[in-house]
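For reference, the structure is listed below as structure tokens.
The values are calculated or read from the model by the stated rules, or taken from the named source; none is laboratory data. Not measured: the values here are computed from a predicted model. Here the Cβ positions follow ideal geometry from the backbone for every residue, glycine too, while neighbour counts run over all protein chains shown. SASA here: full protein model, heavy atoms, side chains in, ligands and nucleic acids out. Shrake-Rupley method; radii C 1.70, N 1.55, O 1.52, S 1.80 Å.
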Amino acid sequence: MQRDFKFTVHDRLDGALARTGTIHTPHGDIQTPAFIPVGTQATLKALTPEQLSDTGAQAMLANAYHLYLRPGHQVVDAAGGLNKFMNWNKPTFTDSGGFQVMSLGAGFKKVIDMKGDAVEKPLTKKEKLAWIDNEGVRFKSHLDGTIHKFNAELSMQIQHGLGADIMFAFDELTTLYDDRAYQEESLRERTHPWALRSLAEHKRLTEARAGKPYQALFGVVQGANYEDLRRECCRFLAEQDFDGFGLGGAFTKENLGEIVGWMGEELPEDKPRHMLGISEPDDIFDCIENGADTFDCVSPARVGRNGALYTPEGRINIKGAKYRTDFSPIFEGCDCYTCQNYTRAYVHHLFHAKELLANTLATIHNERFIVRLVDDIRTSITAGTFHDLKAAWLARYYARDI
RNA sequence: GCAGGGUUAGUGAAGUGGUCAAACACGGUUGACUGUAAAUCAACUCUCUCCGAGUUCGUAGGUUCGAAUCCUACACCCUGCA
């Protein structure tokens, strides 16, 4: 069938893997590199889709597991797909539920963080909500405790029902605390076979649902921080008929760029690469420099809801007492709706009063901040000034720590 | 006026002889958050020369080896009866 999906590379950065491009989807184009905000449950928490669109976000990513449990992918399908269901007229992505294999299983809370020195805190049997085998995963619903079996085929059925423009293959996200033997086993016995099964089911559903807008499928690269495993995974996936790739897994901050670089070297140049779950500014620079095209992450929204707001000079905690009578915007020069209209003191007050508007204003600011950063990086690649921008930007952002 | 109940750290509120500087909640301060079980979580929140010490539980005395806890007086608040 005719694929209404296309990735075009425009500009490349000399001496690096960075590139700009356009991802064409049935619901519009995405200029890359791009940051894709996450609306897990078909909404970016605290924002209307229109408010999210106004931040400059070019697409949004939702989650198969969460929407399967509630309201049910059949409901979204009956509504006419994610776009119609949530009144969002730009491209959409859905995650496969692979992240939940980890987050509800071995990796809840501390175990998933990116600091190599984090203390392992194994879950008790009672706390654990997911059990993996090579067939798939059994989940205990975090909503009502019911047991659900999840696998590659079901993930694809859900994602086709949701109707996102870009879907991800069902994978296993390992943690930094799993040893080499487990990483190999996970990659070869689950992530690889699950990728093939996802692709097969995807093809079946694409034919069965002929007439619906084309949905692209990205294979997901795992392999933790092992170079040979990462390259092995890339070569394996590159041979398959995927439309693009998700770069997933547990990373440590120190060598994130290096790991992405291995994948950037192995993966075909003419297919887009999506960084799963990355959005800290330094990480974004490193990933783009090494060939990543798009990013999704909950962090700007979550940290914003918890009072951490981005500025070019680092994050500030707006709940802090020093902002009580600070009547300046979050930072001078920010073009977001929040900074155009409100002060630090007002946002500070909203947080202390536990007003819902605090979440909205903070989220708008943070999403705009990261979207704009990636937009600026895109411009710098075209202009050939990426390295200057990176050096100057990060020096200013982290100046307070030095 | 008589009878009964009450007065605990910023607030509310446990505690009725030692394990009490005193539960818990809120408030406050600081920090964390990277394919969302997150409008969440953690630490601290009497004072100090803070791995130890010093002052607290309406006020003042007293009993006791030891009191926020028992006794006496006083102050204030609440509820009945006058």
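So, of the residues in the stretch A:324-339 that are of a type in the set (Phe, Trp, Tyr) and under 31 Å from the mean Cα position of the chain (by Cα), which turns out to be nearest to residue A:307 (Cα to Cα)? Give the derivation first.
Quick first cut of the stretch A:324-339, residues of a type in the set (Phe, Trp, Tyr) only: A:327, A:331, A:337.
Add one more test, that the residue is under 31 Å from the mean Cα position of the chain (by Cα), and what stays is A:331, A:337.
Working: A:331: 15, A:337: 17 Å.
Result: A:331.
Residue check: is residue A:326 open to solvent by 10 Å² or more (accessible area, probe 1.4 Å), more than 6 Å from RNA strand B (Cβ to nearest atom) and touching a His at 6+ places or on another chain (Cβ under 8 Å)?
Taking the combined requirement at face value, the residue satisfies it.
Could you tell me whether any residue of the stretch A:299-316 is basic (Lys, Arg), closer than 28 Å to residue A:186 by Cβ and either more than 18 Å from the chain's Cα centre (by Cα) or at pLDDT below 95 (or both)? Write out each step before concluding.
Residues of the stretch A:299-316 basic (Lys, Arg): A:302, A:305, A:315.
Cutting the leftovers down to closer than 28 Å to residue A:186 by Cβ gives us A:302.
Then drop every residue that is not either more than 18 Å from the chain's Cα centre (by Cα) or at pLDDT below 95 (or both), which leaves none.
No: the stretch A:299-316 contains no residue that is basic (Lys, Arg), closer than 28 Å to residue A:186 by Cβ and either more than 18 Å from the chain's Cα centre (by Cα) or at pLDDT below 95 (or both).
In the stretch A:343-402, which residues are away from RNA strand B (no atom under 14 Å from the Cβ), of a type in the set (Ser, Thr, Tyr) and either within 17 Å of residue A:302 (Cβ to Cβ) or not in a helix (DSSP H, G or I) (or both)?
Passing the criteria: A:343, A:385.
Run down A:294, A:252 and say which single residue is modelled with pLDDT under 95 and either over 21 Å from residue A:184 (Cβ atoms) or within 14 Å of RNA strand B (Cβ to nearest atom) (or both).
A:252
Could you check the stretch A:281-291 and list, in sequence order, the residues that are of a type in the set (D, E, K, R) and within 9 Å of RNA strand B (Cβ to nearest atom)?
Answer for the stretch A:281-291, where residues must be of a type in the set (D, E, K, R) and within 9 Å of RNA strand B (Cβ to nearest atom): A:282, A:283.
Between a first residue in the stretch A:383-400 that is over 20 Å from residue A:16 (Cα atoms) and a second residue that is outside any helix (DSSP H, G or I) and aliphatic (A, V, I, L, M), which pairs have beta carbons less than 9 Å apart while being 6 or more apart in sequence or on different chains?
As it stands, the answer is A:395/A:402, since those pairs meet every condition given.
With (1) open to solvent by 70 Å² or more (accessible area, probe 1.4 Å); (2) modelled with pLDDT under 95; (3) hydrophobic (A, V, I, L, M, F, W, C) as the list, and residue A:101 as the residue in question, which single condition is left unmet?
Of (1) open to solvent by 70 Å² or more (accessible area, probe 1.4 Å); (2) modelled with pLDDT under 95; (3) hydrophobic (A, V, I, L, M, F, W, C), only one is false for residue A:101: (1).
Would you check if residue A:58 is part of a strand (DSSP E or B), away from RNA strand B (no atom under 13 Å from the Cβ), surrounded by fewer than 24 Cβ atoms within 10 Å (Cβ to Cβ) and within 18 Å of the chain's Cα centre (by Cα)?
Criteria not met by residue A:58.
So residue A:104 passes all but one of these: (1) farther than 30 Å from residue A:208 by Cα; (2) among the aliphatic types (A, V, I, L, M); (3) touching an Asp or Glu at 6+ places or on another chain (Cβ under 8 Å). Which condition number does it fail?
(3)
For residue A:95, state whether it is open to solvent by 40 Å² or more (accessible area, probe 1.4 Å) and either more than 30 Å from residue A:177 (Cα to Cα) or within 16 Å of RNA strand B (Cβ to nearest atom) (or both).
no
Out of all the residues in the stretch A:287-296, which are closer than 15 Å to residue A:168 by Cα and either hydroxyl-bearing (Ser, Thr, Tyr) or open to solvent by 10 Å² or more (accessible area, probe 1.4 Å) (or both)?
Scanning the stretch A:287-296 gives A:294, A:296.
Please state which of the following conditions residue A:27 fails to meet, knowing it meets all the rest: (1) open to solvent by 20 Å² or more (accessible area, probe 1.4 Å); (2) within 16 Å of RNA strand B (Cβ to nearest atom); (3) farther than 15 Å from residue A:297 by Cα.
Every condition holds for residue A:27 apart from (2).
Could you list all residues from the stretch A:139-173 that are among the charged types (D, E, K, R) and within 14 Å of RNA strand B (Cβ to nearest atom)? Even if it seems obvious, please write down each step before you answer.
Applying the first criterion (among the charged types (D, E, K, R)) to the stretch A:139-173 yields A:140, A:144, A:149, A:153, A:165, A:171-172.
A:140, A:144, A:171, A:172, listed by residue number.
Of the conditions (1) of a type in the set (Phe, Trp, Tyr); (2) within 14 Å of RNA strand B (Cβ to nearest atom); (3) modelled with pLDDT of 95 or more, residue A:88 satisfies every one except a single condition; which number is it?
So the condition that residue A:88 fails would be (2).
For the stretch A:303-323: of the residues being closer than 17 Å to residue A:359 by Cα, open to solvent by 30 Å² or more (accessible area, probe 1.4 Å) and in contact (Cβ under 8 Å) with a residue 12 or more places away in the chain, which is nearest to RNA strand B (Cβ to nearest atom)?
The qualifying residue nearest to RNA strand B (Cβ to nearest atom) is A:305.
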